[in-house]
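Sharing a structure with you now.
The values are calculated or read from the model by the stated rules, or taken from the named source; none is laboratory data. Just so we're clear, the structure is a prediction, and the values are computed from it rather than from any experiment. We place every Cβ from the backbone using ideal geometry, glycine too, and count neighbours over all the protein chains shown.
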Amino acid sequence: MFNELILLIIVGLILVIFVMVGVAFFTLLERKVLGYIHLRKGPNKVGVIGILQPFGDAIKLFCKEHMNPMVSNYLLYYICPVFSLFLSLVLWMLMPYMSGMFNFNLGLFFFLVCTSMGVYTVMLAGWSSNSNYALLGGLRAVAQTISYEVSLALILLSFVFLISSYSLKDFFYFQMGVWFFFLCLPLCNVWFISCLAETNRSPFDFAEGESELVSGFNVEYGSGGFALIFLSEYSSILFMSLLMSILFLGSNLNSFSFYLKLLFIAFLYIWVRGTLPRYRYDKLMYLAWKSFLPLSLNFLFFYLGLKIFFYG
């Protein structure tokens, strides 16, 4: 028992290290792709074709002097970025390896709990800075995240009815014949757009609307604090890409094609950022409550009806 625990801790640490390296190179990919969208080259000076740029940025950020506002609630202000990164890394323990590891039967519940907890870190980071701009950015991010979590939860419930399980491992067995992407295409589209809103990405990056909010809830953070918020955001993007490929595109983690699908979905995040302008905030809320919520509820009842019709 003790040896298994030690092995789990070691494997968990290796997974976290690889996620951090993946996040580093994902930021490089984003800057390169956005550069080529703008008809210019991205970072290409540090190392061969800019391959060491993310590590240079990380060293620069963590070596800068840490400043904290005089009137901030210091303890909360300091802890929030750390807790935010912790939550986004804990989510990675859900990866449904066939060998077991941390994979467990209530994986979808665990995912919803962790993403809901992430709202508190954003809200407290904005509030504890004691800055009006940071608080406004935090409130926007919280309202947006809560709104889109409802449709995410309903889509997950649809799958719970379809496969009668909360475990991510079962998605592999149910998609051996056909992907859910072909069976649930509207849900796939809603899921992807909700993930964009959930991770504060363009065109829904209202928490960081530079034109009116000066970078949002993290405006007072610099050096290490900003780096941790940045890492947690990009780690969440990669995890949402992983989850989407598990839910809709087959989930055989032992095949190379699975990771290509994950990379393609992560690339879509960047593509959307380089293509679409920022949405209007009231339209974002309208989309969540008057479009996505009825659609996901209709599909929920449809799959529930299918299940009852075929299996009684």
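Checking the condition within 24 Å of the chain's Cα centre (by Cα) and surrounded by 15 or more Cβ atoms within 10 Å (Cβ to Cβ), which residue from PRO54, PRO43 passes?
Values: PRO43 fails: within 24 Å of the chain's Cα centre (by Cα).
Testing whether each residue is within 24 Å of the chain's Cα centre (by Cα) and surrounded by 15 or more Cβ atoms within 10 Å (Cβ to Cβ) leaves just PRO54.
Has the range 205-222 got any residue that is buried (at least 19 other Cβ atoms within 10 Å of the Cβ), without any contact (Cβ under 8 Å) to a residue 24 or more places away in the chain and closer than 28 Å to GLY107 by Cβ?
Checking the range 205-222: not a single residue is buried (at least 19 other Cβ atoms within 10 Å of the Cβ), without any contact (Cβ under 8 Å) to a residue 24 or more places away in the chain and closer than 28 Å to GLY107 by Cβ.
Among the residues of the range 162-173, is there at least one that is under 12 Å from the mean Cα position of the chain (by Cα), in contact (Cβ under 8 Å) with a residue 60 or more places away in the chain and assigned to a helix (DSSP H, G or I)? Break it down stepwise before answering.
Of all residues in the range 162-173, those under 12 Å from the mean Cα position of the chain (by Cα) come to none.
Looking through the range 162-173, none of the residues is under 12 Å from the mean Cα position of the chain (by Cα), in contact (Cβ under 8 Å) with a residue 60 or more places away in the chain and assigned to a helix (DSSP H, G or I).
Please enumerate the residues belonging to the range 19-76 that are assigned to a helix (DSSP H, G or I) and of a type in the set (S, T, N, Q).
The initial filter retains those residues of the range 19-76 that are assigned to a helix (DSSP H, G or I), namely 19-37, 48-50, 53-63, 74-76.
Once the filter is applied, which keeps residues that are assigned to a helix (DSSP H, G or I) and of a type in the set (S, T, N, Q), the range 19-76 yields THR27, GLN53.
Looking at the range 123-155, which of the residues that are β-branched (Val, Ile, Thr) and within 15 Å of the chain's Cα centre (by Cα) is surrounded by the most Cβ atoms within 10 Å (Cβ to Cβ)?
The first filter runs over the range 123-155 and keeps only residues β-branched (Val, Ile, Thr), leaving 142, 145-146, 150, 155.
Still in the running and within 15 Å of the chain's Cα centre (by Cα): 142, 145-146.
Numbers: VAL142: 18, THR145: 21, ILE146: 13.
The selected residue is THR145.
Then there is this: Restricting to the range 51-102, what's the tally of residues that are under 18 Å from ALA125 (Cα atoms), touching a Leu at 6+ places or on another chain (Cβ under 7 Å) and aliphatic (A, V, I, L, M)?
Final tally of qualifying residues: 3.
Tell me, which residue of the range 104-114 that is surrounded by fewer than 22 Cβ atoms within 10 Å (Cβ to Cβ) and touching a residue at least 24 places away in the same chain (Cβ under 8 Å) is nearest to LEU8 (Cα to Cα)?
PHE104
Go through the range 118-173 and give me each residue that's closer than 11 Å to PHE217 by Cβ and among the polar types (S, T, N, Q).
Scanning the range 118-173 gives THR121, SER128, SER129, SER131.
Of (1) assigned to a helix (DSSP H, G or I); (2) modelled with pLDDT under 85, LEU108 satisfies all except one. Which?
Answer for LEU108: the failing condition is (2).
Per-residue answers, yes or no, for (1) surrounded by fewer than 21 Cβ atoms within 10 Å (Cβ to Cβ); (2) of a type in the set (Gly, Ala, Ser):
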{"site": "GLY225", "(1), (2)": "no, yes"}
{"site": "LEU231", "(1), (2)": "no, no"}
{"site": "LEU238", "(1), (2)": "no, no"}
{"site": "PHE248", "(1), (2)": "no, no"}
{"site": "TRP271", "(1), (2)": "yes, no"}
{"site": "GLY274", "(1), (2)": "yes, yes"}
{"site": "LYS283", "(1), (2)": "yes, no"}
{"site": "TYR303", "(1), (2)": "yes, no"}
{"site": "PHE309", "(1), (2)": "yes, no"}
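So, in the range 177-188, of the ones that are modelled with pLDDT of 85 or more and not in a helix (DSSP H, G or I), which residue ends up surrounded by the fewest Cβ atoms within 10 Å (Cβ to Cβ)?
That would be VAL178.
Results for (1) on the phi > 0 side of the Ramachandran plot; (2) in contact with a Phe, Trp or Tyr (Cβ under 8 Å, 6 or more places away or on another chain), shown as yes or no for each residue.
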position	(1), (2)
LEU5	no, no
LEU13	no, no
ILE17	no, no
PHE26	no, yes
GLY42	no, yes
GLY50	yes, no
PHE55	no, no
LYS64	no, no
MET67	no, no
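Return the pair list, or none, for Cβ contacts closer than 7 Å from residues in the range 258-271 that are touching a residue at least 40 places away in the same chain (Cβ under 8 Å) and closer than 17 Å to GLU233 by Cβ to residues that are of a type in the set (Asp, Glu) and in a helix (DSSP H, G or I), at least 6 apart or on different chains.
ILE270/GLU30
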